[in-house]
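Enquirer: Below are the structure tokens for one structure; questions will follow.
The values are calculated or read from the model by the stated rules, or taken from the named source; none is laboratory data. The model shown is predicted, which means the values in this text are computed figures rather than measured ones. Here the Cβ positions follow ideal geometry from the backbone for every residue, glycine too, while neighbour counts run over all protein chains shown. When the accessible area is computed, the model is the full protein with side chains, heavy atoms only, and any ligands, DNA or RNA have been set aside. Shrake-Rupley method; radii C 1.70, N 1.55, O 1.52, S 1.80 Å.
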Amino acid sequence: MNLPELGAFLRTRRDRIRPAEVGLPQGPRRRVPGLRREEVAQLAGLSADYYTELERGGAKHGVQPSAQALAALARALRLNGDERDHLFHLAERPIPPSAHGPSAHVQPALLALLDRLSDTPARVITDLHETLVENALAVALLGPSPAHHGPTASFVHRWFTDPRTRDIHPPEDHPHHSRVFVSDLHAAAARRGRDEEVKKMVAVLRRRSQEFADLWDTHDVAVRRMDRKKIIHPTLGVIELDCFNLLSEDGRQRLLWFTAPPGSPGAEQLRLLSVIGTQEWGLARGTNYGQAQPGVSETGASFGPSASDGGAS
């Protein structure tokens, strides 16, 4: 592991990030244009001492960054794909998959757009419906994000294997969502080709869900780009919203967000949602979601798969 080079690389990446880019105040006493070490540590969910030792490139305390920590640093520092891979090479860690799994690297363009949607529930998910990052309003709308790894990280997997997952939508809407999920998964499977992750997922779902098997055999294909959704909120009741999807160039990630026509009941409920925040989900306002989980947020967003991403998939 090339610790000195790793530290130098982190330092130069930190210097180029302006506080406003990650939702931090500029502050009158800031002596450097980039981020402070403790700010990078906070954004990545690491201790300040650990990050400082890592950036100094010293082996004094046996610093051995995990793949999880490296993925969080790549997100916090807004590294592009090549820079992310370089970071893993310097740390002598295997390069993680670029668009799925617990170490997924959120595409910078989508992350930049997400940062600008502070007053709109929004999140970035993979083409297998794994939540990678979400803003605070998405958490307020859909609930907090418990940790999921492996196949259950996919909301589509949970939709067909765990009945509780469907509680976020009215029962009469379940058949529609099932059809849309399977059609979208068909498109993802074709796009990925001989991807083992998709093959295993489809095989498991065919075995565990007759509904999925029947829908899969129709061979209907449709990439989900827009939908009208009804979401059941513990305080506000049923909220009817438009859900839009913006796909990445390779189709493996998508930014999705919720809106409602001006003057509609949904628009008023979204306004109230920003006031209520996450209190009804048992979380205090101001919580930095995801800090205890792999990856962290830049502007009140949380990283990691969500148990409730069906409302946004």
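Enquirer: Look through His177, His186 and report the one residue that is within 13 Å of Phe160 (Cα to Cα), surrounded by 19 or more Cβ atoms within 10 Å (Cβ to Cβ) and either out of contact with any strand residue (DSSP E or B) (no Cβ under 8 Å at 6 or more places or on another chain) or at pLDDT 95 or above (or both). Reasoning before the result, please.
Expert: Working: His186 fails: within 13 Å of Phe160 (Cα to Cα).
Among His177, His186, only His177 is within 13 Å of Phe160 (Cα to Cα), surrounded by 19 or more Cβ atoms within 10 Å (Cβ to Cβ) and either out of contact with any strand residue (DSSP E or B) (no Cβ under 8 Å at 6 or more places or on another chain) or at pLDDT 95 or above (or both).
Enquirer: Can we say Gln269 is in contact with a strand residue (DSSP E or B) (Cβ under 6 Å, 6 or more places away or on another chain) and either at pLDDT below 95 or open to solvent by less than 50 Å² (accessible area, probe 1.4 Å) (or both)? So that I can check it myself, show each step before the final result.
Expert: Numbers: in contact with a strand residue (DSSP E or B) (Cβ under 6 Å, 6 or more places away or on another chain): yes; either at pLDDT below 95 or open to solvent by less than 50 Å² (accessible area, probe 1.4 Å) (or both): yes.
Criteria met by Gln269.
Enquirer: With respect to Arg224, is the statement that it is open to solvent by 90 Å² or more (accessible area, probe 1.4 Å) and either hydroxyl-bearing (Ser, Thr, Tyr) or under 22 Å from Leu142 (Cβ atoms) (or both) true?
Expert: Working: open to solvent by 90 Å² or more (accessible area, probe 1.4 Å): no; either hydroxyl-bearing (Ser, Thr, Tyr) or under 22 Å from Leu142 (Cβ atoms) (or both): yes.
It is false that Arg224 is open to solvent by 90 Å² or more (accessible area, probe 1.4 Å) and either hydroxyl-bearing (Ser, Thr, Tyr) or under 22 Å from Leu142 (Cβ atoms) (or both).
Enquirer: Let me ask something else about it. Got at least one residue in segment 197-206 being in contact with a strand residue (DSSP E or B) (Cβ under 8 Å, 6 or more places away or on another chain) and buried (at least 17 other Cβ atoms within 10 Å of the Cβ)?
Expert: To start, the set of residues in segment 197-206 that are in contact with a strand residue (DSSP E or B) (Cβ under 8 Å, 6 or more places away or on another chain) comprises none.
Checking segment 197-206: not a single residue is in contact with a strand residue (DSSP E or B) (Cβ under 8 Å, 6 or more places away or on another chain) and buried (at least 17 other Cβ atoms within 10 Å of the Cβ).
Enquirer: Here's another thing I want to ask about it. Can you tell me which residues in segment 69-96 are under 16 Å from the mean Cα position of the chain (by Cα) and of a type in the set (D, E, K, R)?
Expert: Arg75, Arg78
Enquirer: Here is a further query. Do you know which of the residues in segment 233-255 that are charged (D, E, K, R), open to solvent by 10 Å² or more (accessible area, probe 1.4 Å) and within 21 Å of the chain's Cα centre (by Cα) is farthest from Glu268 (Cα to Cα)?
Expert: Step one: of segment 233-255, the residues charged (D, E, K, R) are 240, 242, 249-250, 252, 254.
Within this subset, residues satisfying the condition of being open to solvent by 10 Å² or more (accessible area, probe 1.4 Å) are 240, 242, 249-250, 252.
Among the residues that remain, those that are also within 21 Å of the chain's Cα centre (by Cα) are: 242, 249-250, 252.
Numbers: Asp242: 14, Glu249: 34, Asp250: 36, Arg252: 33 Å.
Step by step, filter segment 233-255, then rank; the result is Asp250.
Enquirer: Let me ask you something else. I'd like the full set of residues that are modelled with pLDDT of 85 or more and outside any loop (DSSP other than H, G, I, E, B), limited to segment 77-87.
Expert: Scanning segment 77-87 gives Glu83, Arg84, Asp85, His86, Leu87.
Enquirer: Taking the options Thr120, Thr161, Thr131, name whichever one is at pLDDT 90 or above, of a type in the set (S, T, N, Q) and under 20 Å from Arg224 (Cα atoms).
Expert: Numbers: Thr161 fails: under 20 Å from Arg224 (Cα atoms); Thr131 fails: at pLDDT 90 or above.
Thr120 is the lone residue from the list that is at pLDDT 90 or above, of a type in the set (S, T, N, Q) and under 20 Å from Arg224 (Cα atoms).
Enquirer: Do we find a residue being touching a Phe, Trp or Tyr at 6+ places or on another chain (Cβ under 8 Å), aromatic (Phe, Trp, Tyr) and part of a helix (DSSP H, G or I) anywhere in segment 213-226?
Expert: Checked segment 213-226: no residue is touching a Phe, Trp or Tyr at 6+ places or on another chain (Cβ under 8 Å), aromatic (Phe, Trp, Tyr) and part of a helix (DSSP H, G or I).
Enquirer: Would you mind stating whether Arg194 is open to solvent by 60 Å² or more (accessible area, probe 1.4 Å) and assigned to a loop (DSSP other than H, G, I, E, B)? Explain how you work it out, then say what you get.
Expert: Values: open to solvent by 60 Å² or more (accessible area, probe 1.4 Å): yes; assigned to a loop (DSSP other than H, G, I, E, B): yes.
In short, yes.
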